[in-house]
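So the structure is just underneath, and the comments pick up after that.
Nothing in this text is a laboratory measurement; each read-out follows from the coordinates by a stated rule. Computed from a predicted structure; not experimentally measured. Using ideal geometry, Cβ is built from the backbone for each residue, glycine included, and neighbour counts are taken over all protein chains shown.
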Amino acid sequence: MISEYDAVKKILDSNQITDIDDIEYGSQCFDELFSYWADQGEIPYGVMKARTGMPDEWIHDKLCELGFDKPFKDSHYENHLKWKDMI
């Protein structure tokens, strides 16, 4: 089974996103991330409908939670964090 981190990384890589600030509201990458988390049942309904929160802010916060806001200079370090279940 593919981890959430790996699934999101695959979406970002397929859209050539190297900085989460490059994701634009309504872009293909945004739509793919939105669909991924909606299908997983993670985005609250009120946020999906922009009633209790903004979907773009929720997605940005989720990407930060997964560690995509921090650049990894050494892939060994990234693998270490994954192994330790820190990301």
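Observations on the model:
- The residues packed around Tyr25, meaning those with a beta-carbon under 11 Å from its beta-carbon, carry a net charge of -4 if Lys and Arg are +1 and Asp and Glu are -1.
- Extension gain for the segment Ile20 to Asp69, taken as residue separation times 0.36 nm less the Cα-Cα distance, is 17.0 nm to one decimal.
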